[in-house]
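First the structure, then my questions, so here it is.
The values are calculated or read from the model by the stated rules, or taken from the named source; none is laboratory data. Worth saying up front: this structure is predicted, and the values here are computed from it rather than measured. Every residue, glycine among them, receives a Cβ derived from its backbone with ideal geometry; neighbour counts consider all protein chains shown.
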Amino acid sequence: MYANKTVALSGVSLHINPKEFVTIVGSSGAGKSTLIRLLIKEEVPTSGKIIVGSIDYDTIDKANIPHLRRRIGVVFQDFKLLPNLTVYENVAFALEVSGVKSKEIKRAVPKILQLVGLSEKMHNYPSELSGGEKQRTAIARALVRNPKILIADEPTGNLDPKNSWDIIELLLKINRFGTTVLLTTHNKEIVDALKKRVITINRGRVVKDEKVGKYSL
Amino acid sequence: MTTFLRIWRTGFKNIFRNAWLSTAATAIMVITILIMTFFAFSTIFVRTQLAQVRGKIDLSIFLSDDATQKQIQDLQTKINGINNVSAVTFVSKGDALKKLENSSAEGKKLAKSAEDIGNPLPASFEVKLVNIDSIGQINSTIRSLEEAKIITDTSFDNRDDNRRGVVENVISISNSVSKIGLILSVLFLIIALLIIFNTIRMAIFTRREEVEIMKLVGATKWFVRGPFLVEGTLYGVFGALISLAIIIPFTRAVSPFLTSKLGAGPTLDYFASHFFLLAGGMFAIGIFIGVVSSWLALIRYLKV
């Protein structure tokens, strides 16, 4: 998988159902991030198949990677907001790259910002936001295109417990609306409280997959 | 269409949001354009000067006093028929004397004494050439003509005249000026490209994370590249505008000096009459440099 021949993931076989809420746990370096990078085709597996919905990743050429990424919402630990754009513009950007009409953007963005509770901060820049607000902006950006799948890569990694819970509750709410959520986290309390499916990865292998799982390594 | 407008709008916005980098890039663009304009000016100046000198050079064919009217006419027709000869003017002994008389105060005295001893000045043809480079060749062609026996001497062969040396010098100087001019222009364009390329690359380097994020959010290459190309274009446009704003008043201010001390009048006239070409050239160079260097600078960040 990497140039130095370290294998980050091997023999991983997973099936995630539509509308599921799945948590992936594993210590740092276990391969969680690699799994996510594979899902947004930032990396290509040396062997094996990835199929999301009806899309077989082997059949996607380079030019279509942007289109694939537009169908999967991703939220990162470090937010990855564009620093020169306001909250509104950051969210609108996700629609702009998809060629959505301006009128539609003006309608959709405030709605989604209301959903994540950021209406007040619409015209602030990321540097003026708290960590929780930044993450909610990132979630709004991921959601605004109505993806079928939302991937949240350690979304609470940089947040305090209070903000972490707000974010998790937001993810649960989104899941109730019918979006498949794939969450990776280190946070034991959150995993234990969720009472949802937990997949445990260790050293690049799936070691546990429980319907109602607990955090255990 | 929506996307096209968005790309332009984003490009515009970025310029104002990265004010410092935009200023730096535009400043370097201005300096580049100014240097290139100055350079074009000097090249054209040297060329017009040389063209004037070259225009003055012609080939004088001196004729024997014994030549008959018919012989002279035959020779004139023949010379006229030679390739690369643009005009042949006959200067009679009397014309030659008048010319000498009108040339200067010194010439007037000389003409007077020449007249006293019965006008020793020979009649001649003044042969104008299309291309001065072939003067030697034409000289020998004329010399080898059947009708050439009435020729006593030519300005090209006459060592005392020393014109041959001057002619050859002018030819070689103007040829090397053209060559050096071309080489330096290309060199300058490359240097300018490198400088601007580096500036824009720095601008992009500080924003590489942005490029990364745009790609993660699903932006196509063009959507990422577009605004940067717009920025490059605008640096070129602003650079050219500012350069013009500097050059026009500056040229106005120094043109009396240039005209009187350097005889650059024709060059200035040339620029005045080709103003739109010059301005267009500045914009073209600016935009070319801006777009090409943005494009090159982006390549490594756009790999998926």
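Is it the case that segment B:176-195 has a residue that's part of a loop (DSSP other than H, G, I, E, B) and aromatic (Phe, Trp, Tyr)?
No, that holds for no residue.
Residue under question is B:PRO227, and the condition is that it be surrounded by 19 or more Cβ atoms within 10 Å (Cβ to Cβ) and either within 12 Å of another protein chain (Cβ to nearest Cβ) or assigned to a helix (DSSP H, G or I) (or both); does it hold?
Yes; evaluated as a whole, the condition is true for this residue.
Could you grab me the full set of residues in segment A:46-84 that are out of contact with any helix residue (DSSP H, G or I) (no Cβ under 6 Å at 6 or more places or on another chain), closer than 26 Å to A:GLY157 by Cβ, assigned to a loop (DSSP other than H, G, I, E, B) and more than 9 Å from chain B (Cβ to nearest Cβ)?
A:GLN77, A:ASP78 - these are the residues of segment A:46-84 that are out of contact with any helix residue (DSSP H, G or I) (no Cβ under 6 Å at 6 or more places or on another chain), closer than 26 Å to A:GLY157 by Cβ, assigned to a loop (DSSP other than H, G, I, E, B) and more than 9 Å from chain B (Cβ to nearest Cβ).
Just need a number here: residues in segment B:273-304 that are in contact with a Leu (Cβ under 7 Å, 6 or more places away or on another chain) and either outside the structural domain of B:THR37 (by TED's automatic domain parsing) or not hydrophobic (A, V, I, L, M, F, W, C) (or both).
Within segment B:273-304, residues that are in contact with a Leu (Cβ under 7 Å, 6 or more places away or on another chain) and either outside the structural domain of B:THR37 (by TED's automatic domain parsing) or not hydrophobic (A, V, I, L, M, F, W, C) (or both) number 2.
Which of (1) out of contact with any Gly (no Cβ under 6 Å at 6 or more places or on another chain); (2) outside any strand (DSSP E or B); (3) within 21 Å of A:LEU39 (Cα to Cα) is the odd one out, the single condition A:LYS208 does not satisfy?
Every condition holds for A:LYS208 apart from (2).
Quick grid of which residues meet (1) at pLDDT 75 or above; (2) in contact with a helix residue (DSSP H, G or I) (Cβ under 8 Å, 6 or more places away or on another chain); (3) not assigned by TED's automatic domain parsing to the domain that holds B:ASN18:
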{"site": "B:VAL127", "(1), (2), (3)": "yes, yes, yes"}
{"site": "B:SER134", "(1), (2), (3)": "yes, no, yes"}
{"site": "B:SER140", "(1), (2), (3)": "yes, no, yes"}
{"site": "B:LEU145", "(1), (2), (3)": "yes, yes, yes"}
{"site": "B:ASN162", "(1), (2), (3)": "no, no, yes"}
{"site": "B:VAL186", "(1), (2), (3)": "yes, no, no"}
{"site": "B:ALA192", "(1), (2), (3)": "no, yes, no"}
{"site": "B:ARG201", "(1), (2), (3)": "yes, yes, no"}
{"site": "B:PHE205", "(1), (2), (3)": "yes, no, no"}
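Considering only segment B:197-208, I want to know if a residue exists there that is farther than 30 Å from B:LYS128 by Cα, in a helix (DSSP H, G or I), under 37 Å from the mean Cα position of the chain (by Cα) and polar (S, T, N, Q).
Within segment B:197-208, one or more residues are farther than 30 Å from B:LYS128 by Cα, in a helix (DSSP H, G or I), under 37 Å from the mean Cα position of the chain (by Cα) and polar (S, T, N, Q).
Among the residues in segment B:280-291, are any in contact with an Asp or Glu (Cβ under 9 Å, 6 or more places away or on another chain) and closer than 25 Å to B:THR10 by Cα?
yes
Same structure, new question: Please return the ranges of helices (runs of 4 or more DSSP H) entirely within segment B:1-109 where 2 or more residues are in contact (Cβ under 8 Å) with a residue 40 or more places away in the chain and surrounded by 16 or more Cβ atoms within 10 Å (Cβ to Cβ).
Here the list reads B:2-17, B:19-56, B:69-81.
Would you mind finding the one in B:TRP295, B:TRP222 that is away from chain A (no Cβ under 14 Å), assigned to a helix (DSSP H, G or I) and among the aromatic types (Phe, Trp, Tyr)?
Result of the check over B:TRP295, B:TRP222: B:TRP295.
While we're here: Name the residue that is farthest from the other protein chains (Cβ to nearest Cβ), counting only residues in segment A:101-122 that are surrounded by fewer than 18 Cβ atoms within 10 Å (Cβ to Cβ) and assigned to a loop (DSSP other than H, G, I, E, B).
A:GLY117
One residue is enough: does segment B:247-270 have a residue meeting the conditions touching a Gly at 6+ places or on another chain (Cβ under 6 Å), aliphatic (A, V, I, L, M), in the same structural domain as B:ALA19 (by TED's automatic domain parsing) and more than 30 Å from A:ASN64 (Cα to Cα)?
Scanning segment B:247-270, I find no residue that is touching a Gly at 6+ places or on another chain (Cβ under 6 Å), aliphatic (A, V, I, L, M), in the same structural domain as B:ALA19 (by TED's automatic domain parsing) and more than 30 Å from A:ASN64 (Cα to Cα), so the answer is no.
Only one residue in B:VAL177, B:VAL211, B:VAL224, B:VAL237 is in contact with a Phe, Trp or Tyr (Cβ under 6 Å, 6 or more places away or on another chain) and either small (Gly, Ala, Ser) or over 30 Å from B:ALA123 (Cα atoms) (or both). Which one?
B:VAL211
State whether one or more residues within segment A:165-182 are within 22 Å of A:VAL22 (Cα to Cα), in contact (Cβ under 8 Å) with a residue 40 or more places away in the chain, surrounded by 15 or more Cβ atoms within 10 Å (Cβ to Cβ) and among the hydroxyl-bearing types (Ser, Thr, Tyr).
Yes, segment A:165-182 contains a residue that is within 22 Å of A:VAL22 (Cα to Cα), in contact (Cβ under 8 Å) with a residue 40 or more places away in the chain, surrounded by 15 or more Cβ atoms within 10 Å (Cβ to Cβ) and among the hydroxyl-bearing types (Ser, Thr, Tyr).
Next question. Quick one: in segment B:234-293, which of the residues that are β-branched (Val, Ile, Thr) and within 30 Å of B:VAL53 (Cα to Cα) is surrounded by the fewest Cβ atoms within 10 Å (Cβ to Cβ)?
Of everything passing the filter in segment B:234-293, B:ILE248 is surrounded by the fewest Cβ atoms within 10 Å (Cβ to Cβ).
Checking A:THR23 against (1) closer than 25 Å to A:THR200 by Cβ; (2) loosely packed, with under 15 Cβ neighbours inside 10 Å; (3) among the polar types (S, T, N, Q), only one condition comes out false. Which one?
(2)
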